[in-house]
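Have a look at the structure below, then the notes.
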Amino acid sequence: MPAFNNTNIELIPDFPYDLGDPNSLLFQTDQTILTTNLNLQEIVPNQKERGCDSRGCGHFGAPRGGVDGAHQGFDIIATPGTKIYSPIDGVVERFPIPYPDDPNYSGIEIRNGNVKIKIFYASATVQIGQNLKTGDPIAIAQDISAKYDGITQHVHIEVYVNDIVIDPEPHFTRKFKRNNAQLFLGLGFGLIVVAVGIKEFL
Ligand SMILES: [Zn+2]
């Protein structure tokens, strides 16, 4: 079975996926499900990642307390009341809750074939069983800083393929601002190097 690095693969929407098919575009290597065709649209307009704050970091795999010890999702900045949009076509499967002992926070789960998306700290504005198109409004962001003082207001998204959690970040069709900033810094540095190089020849 071929192994892929999924970070630079052209993504095409093609649901549902099938891991059992050796010709499938999905392969599993070292605990990571690699998908060649999973596209996620941003769930907040011009979405930005939470990054790090006094409470920790929002990227996938960031250290956490508890049994797993690692962040199972990806945090996207959203002030309370912000509309959240569906990242995929799918069906509203249920409303999972992030904290069994805290009724102030809720979530939404969307499924399409082998792909399952959970979004937490968002109160659903759709019904269970409802069919969704990518970009449909689905929920309203809740106030997570009321629970964790000082935390960046955000919603938490988890993505599963065949019930194995994956890092959502590489699958968003619009890359995060941080990546663009790094790109421009890189380009700027490259131009300086070229300019200095030309000057040497003059
Ligand atoms: Zn999170």
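The values are calculated or read from the model by the stated rules, or taken from the named source; none is laboratory data. Everything numeric here is computed off the predicted structure, so don't read it as measured data. Heads up, the Cβs are rebuilt from the backbone with ideal geometry, glycines too, and the neighbour counts pull from every protein chain shown.
Restricting to the stretch 154-178, count the residues that are within 16 Å of the ligand (Cβ to nearest atom) and free of Cβ contacts under 8 Å to residues at least 40 places away in the same chain.
Going residue by residue through the stretch 154-178, those that are within 16 Å of the ligand (Cβ to nearest atom) are 154-160, 165-169, 172, 176.
If we keep only those that are free of Cβ contacts under 8 Å to residues at least 40 places away in the same chain as well, we get none.
Qualifying residue count, the stretch 154-178: 0.
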### Query
Among (1) out of contact with any Asp or Glu (no Cβ under 6 Å at 6 or more places or on another chain); (2) surrounded by fewer than 20 Cβ atoms within 10 Å (Cβ to Cβ); (3) modelled with pLDDT of 95 or more, which single condition is GLY113 missing?
(3)
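On the given criteria, is PHE176 surrounded by 13 or more Cβ atoms within 10 Å (Cβ to Cβ) and at pLDDT below 95?
Values: surrounded by 13 or more Cβ atoms within 10 Å (Cβ to Cβ): yes; at pLDDT below 95: yes.
It is true that PHE176 is surrounded by 13 or more Cβ atoms within 10 Å (Cβ to Cβ) and at pLDDT below 95.
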### Task
Could you please let me know if ILE151 is over 18 Å from ILE43 (Cα atoms), within 12 Å of the ligand (Cβ to nearest atom) and over 18 Å from the mean Cα position of the chain (by Cα)?
yes
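For every residue, the table says whether it meets (1) out of contact with any helix residue (DSSP H, G or I) (no Cβ under 8 Å at 6 or more places or on another chain); (2) within 20 Å of GLY56 (Cβ to Cβ); (3) of a type outside the set (A, V, I, L, M, F, W, C).
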{"position": "LYS118", "(1), (2), (3)": "yes, yes, yes"}
{"position": "LYS133", "(1), (2), (3)": "yes, no, yes"}
{"position": "GLN142", "(1), (2), (3)": "yes, yes, yes"}
{"position": "LYS147", "(1), (2), (3)": "yes, yes, yes"}
{"position": "ILE151", "(1), (2), (3)": "no, yes, no"}
{"position": "HIS154", "(1), (2), (3)": "no, yes, yes"}
{"position": "TYR160", "(1), (2), (3)": "yes, no, yes"}
{"position": "VAL165", "(1), (2), (3)": "yes, yes, no"}
### Message
I want to confirm something. Restricting to the stretch 72-106 and keeping residues that are surrounded by 14 or more Cβ atoms within 10 Å (Cβ to Cβ) and small (Gly, Ala, Ser), which single residue is nearest to the ligand (Cβ to nearest atom)?
### Response
GLY73
### Task
Run down VAL44, VAL67 and say which single residue is at pLDDT 50 or above and surrounded by 15 or more Cβ atoms within 10 Å (Cβ to Cβ).
VAL44
### Task
Among the candidates ASP136, ASP101, single out the residue that is assigned by TED's automatic domain parsing to the domain that holds GLN47, acidic (Asp, Glu) and without any contact (Cβ under 8 Å) to a residue 12 or more places away in the chain.
ASP101
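Taking the stated definitions as given, is GLN142 more than 12 Å from the ligand (Cβ to nearest atom), at pLDDT 95 or above and either crowded, with 21+ Cβ neighbours inside 10 Å or of a type in the set (A, V, I, L, M) (or both)?
Working: more than 12 Å from the ligand (Cβ to nearest atom): yes; at pLDDT 95 or above: yes; either crowded, with 21+ Cβ neighbours inside 10 Å or of a type in the set (A, V, I, L, M) (or both): yes.
Yes: the conditions hold for GLN142.
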### Query
In the stretch 117-139, what residues are away from the ligand (no atom under 16 Å from the Cβ) and under 17 Å from GLU42 (Cβ atoms)?
LEU132, LYS133, THR134, GLY135, ASP136, PRO137, ILE138
